[in-house]
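First the structure, in the form of structure tokens, and then the observations on it.
The values are calculated or read from the model by the stated rules, or taken from the named source; none is laboratory data. Every value quoted in this text rests on a predicted model; they were computed, and no experiment measured them. Every residue, glycine among them, receives a Cβ derived from its backbone with ideal geometry; neighbour counts consider all protein chains shown. Please note that ligands, DNA and RNA were not included when accessible areas were found on the heavy atoms of the full protein model with its side chains. Shrake-Rupley method; radii C 1.70, N 1.55, O 1.52, S 1.80 Å.
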Amino acid sequence: MDDTLPKVRVTAQLRELRYDAGSPSLNLLATIGRRPSAGIERLTDVTRLRTWADGIGFPLAEGEAGADTLAGLRRLREEIFAVVTDAMAGRPVSPAAVNAAASISPPRLVPALHDLRWSADDLTAVLARDAIDVLLDPNRRSRLRACDSPVCRMIFLDSPGGRPRRWCSMSRCGNTSKAAAYRDRAH
């Protein structure tokens with residue numbers, strides 16, 4: 001851990017699942033909060049996995065949100081993170097694992113009692129394909145940003161037009177950063 005970064009209290013807000021990164025695969029990356037400093041795991045168990053999958057609009061079928069699915073999505077999260085951060089830094093990417101995950105299965109719906117649900121393999125493939133789509137689209141790739149907060153650094157897809165956003169969320173990191181800058185100027 002970098003000792004130059006401020007200590008972070010782990011609050012309920014830091015443990016909240018995030019759905020505001022701009023794409024399903026980037027929302028997967030946001031299931032770890034404060035990655036460069038504290039590394040707060042937000043996808044802690046299969047209940048949180050089900051909640052997260054529902055939140056991104058890909059609800060899992062009964063029995064699909066197990067320990068293996070959770071472990072697989074955590075591995076995919078790290079592979080996508082490596083590919084995305086390499087691409088953002090202009091480094092050569094190693095997409096083998098993401099490509100393999102994208103080719104797991106063609107999407108298919110799993111019928112549930114009152115609605116349609118996704119299989120774990122389909123969710124994995126869709127998330128990997130989404131990461132590939134973000135990176136292959138020059139417009140979307142150019143809008144990838146890392147939050148300016150040194151303790152957050154969440155990767156998000158900036159909206160087109162206007163000035164580039166500095167923070168993942170003004171209400172989270174933006175206000176905190178502005179308040180800290182004000183305190184620094186006041187002293």
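Local charge for Val46 was computed over the other residues whose Cβ lies under 14 Å away, with Lys and Arg +1 and Asp and Glu -1, and equals -2.
Taking the Cβ of Pro164 as the centre, find all other residues whose Cβ is under 9 Å away and add up their charges (Lys, Arg: +1; Asp, Glu: -1). Combined, the nearby Lys, Arg, Asp and Glu give +4. These residues, Ser119, Ser159, go from largest to smallest accessible area, 1.4 Å probe, as Ser159, Ser119.
Subtracting the Cα-Cα distance of Asp133 and Met88 from 0.36 nm times their residue separation leaves 14.8 nm of extension gain. Is the C-alpha gyration tensor of region 23-69 telling us rounded, prolate or oblate? Criteria: a/c under 1.5 is rounded; beyond that, a/b larger than b/c is prolate, otherwise oblate. It is oblate, given that a/c is not under 1.5 and a/b is not larger than b/c. In the complete set of protein chains, residue-level accessible area for Ile104 is approximately 80 Å², probe 1.4 angstrom. In sequence order, region 141-146 has phi-based couplings of 4, 6, 9, 6, 9, 10 Hz under the Karplus curve 6.51 cos²θ - 1.76 cosθ + 1.60, θ = phi - 60°, and Gly or Pro positions carry x. Amide H to amide H, with H built 1.01 Å from N, Arg117 comes under 5 Å of Val110, Ala112, counting only residues 5 or more places away or on other chains. Here region 33-95 has an Rg and Dmax of 13.7, 41 Å, counting Cα atoms alone. Annotation: Thr47 carries an accessible surface of approximately 80 Å², with a 1.4 Å probe and no ligand, DNA or RNA atoms counted.
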